[in-house]
Amino acid sequence: MEFILQPWPWYVSGPLLAMIMFILIYFGKTFGMSSNLRTFCTIAGAGKKTKFFDFDWKSQRWNLVVVMGAVIGGFIASTLLSNPVDIHLNPVTVESLSQLGFENAGKTLLPAELFSWDAVFSLKGLSILIIGGFLVGFGTRYAGGCTSGHAITGLSSLQLPSLIAVIGFFLGGLIMVHLLFPLIFG
């Protein structure tokens, strides 16, 4: 059980990921989560209104199983496999987060200041969810896929647009953490 609770070393997780990618490439499939939103919209009938959603969603059933597995796996991991020890954060990071109002930085993976019902149903929380959701949805369509699709499938099949997208994801993350996050929570 201790092996499951710790981060897996690269020589275990890397080959497992490569094996999955070889299987997907062999069967002509691509991996990514954002394409499932299009599938869900098509199932709900959006194809009657917009040509983009007018496609055979049944060909994507296998990818819906991936989403179901991610949801079930996340639930199992959070309820049965959570390791209740403190997270090892750099003391400078803990101090920076404390200055932004995060009281228990490093004590939990999901800080209550962001992931509690009180935070979600505040004006600030709802604004962050709505604006962030729109930006993520728009960004994944504009970039032609999400981080997992580009970073895993796109890079493993040596696609230059995926390399450019992944560089953009990292730059966007750096800008968010170092510039926007202090403005939003400061």
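The values are calculated or read from the model by the stated rules, or taken from the named source; none is laboratory data. In this text, all values refer to a predicted model and were calculated from it rather than measured experimentally. No Cβ is skipped: glycine too gets one built from the backbone with ideal geometry, and neighbour counts run over all protein chains shown. Please note that ligands, DNA and RNA were not included when accessible areas were found on the heavy atoms of the full protein model with its side chains. Shrake-Rupley method; radii C 1.70, N 1.55, O 1.52, S 1.80 Å.
It is to be established whether one or more residues within the range 170-182 are surrounded by 14 or more Cβ atoms within 10 Å (Cβ to Cβ) and more than 21 Å from L100 (Cβ to Cβ).
Scanning the range 170-182 turns up no residue that is surrounded by 14 or more Cβ atoms within 10 Å (Cβ to Cβ) and more than 21 Å from L100 (Cβ to Cβ).
Filter the range 110-162 down to the residues that are under 27 Å from P182 (Cα atoms) and among the polar types (S, T, N, Q) and list them by number.
Result: S116, S122, S127, T140, T147, S148.
From N90, N104, which residue is touching a Pro at 6+ places or on another chain (Cβ under 7 Å) and surrounded by fewer than 15 Cβ atoms within 10 Å (Cβ to Cβ)?
Within the list N90, N104, the selection yields N104.
Which residues, counting only those in the range 103-153, are among the basic types (K, R) and more than 30 Å from L24 (Cα to Cα)?
Correct list: K107, K124.
Given the conditions (1) modelled with pLDDT of 85 or more; (2) more than 20 Å from Q6 (Cβ to Cβ); (3) not small (G, A, S), and given that N104 satisfies all but one, which numbered condition is not satisfied?
Only one criterion in (1) modelled with pLDDT of 85 or more; (2) more than 20 Å from Q6 (Cβ to Cβ); (3) not small (G, A, S) is unmet by N104, namely (1).
Say whether the condition of being within 30 Å of L5 (Cβ to Cβ) and either surrounded by 15 or more Cβ atoms within 10 Å (Cβ to Cβ) or among the hydrophobic types (A, V, I, L, M, F, W, C) (or both) is met by at least one residue in the range 124-133.
no
Would you pick out the residues in the range 145-158 that are touching a helix residue (DSSP H, G or I) at 6+ places or on another chain (Cβ under 8 Å), of a type outside the set (S, T, N, Q) and open to solvent by 50 Å² or more (accessible area, probe 1.4 Å)?
Within the range 145-158, just L155 meets the criteria.
Considering only residues that are surrounded by 14 or more Cβ atoms within 10 Å (Cβ to Cβ) and at pLDDT below 85, look in the range 41-65 and name the one that is farthest from I23 (Cα to Cα).
By that ranking, first place goes to Q60.
Can you work out which of the residues in the range 1-16 that are part of a helix (DSSP H, G or I) and open to solvent by 100 Å² or more (accessible area, probe 1.4 Å) is farthest from H88 (Cα to Cα)?
Ranking the qualifying residues of the range 1-16, first place goes to Y11.
Looking only at the range 137-174, filter to residues that are part of a loop (DSSP other than H, G, I, E, B) and over 13 Å from the mean Cα position of the chain (by Cα); which one of those is nearest to L16 (Cα to Cα)?
The extreme case among them is S157.
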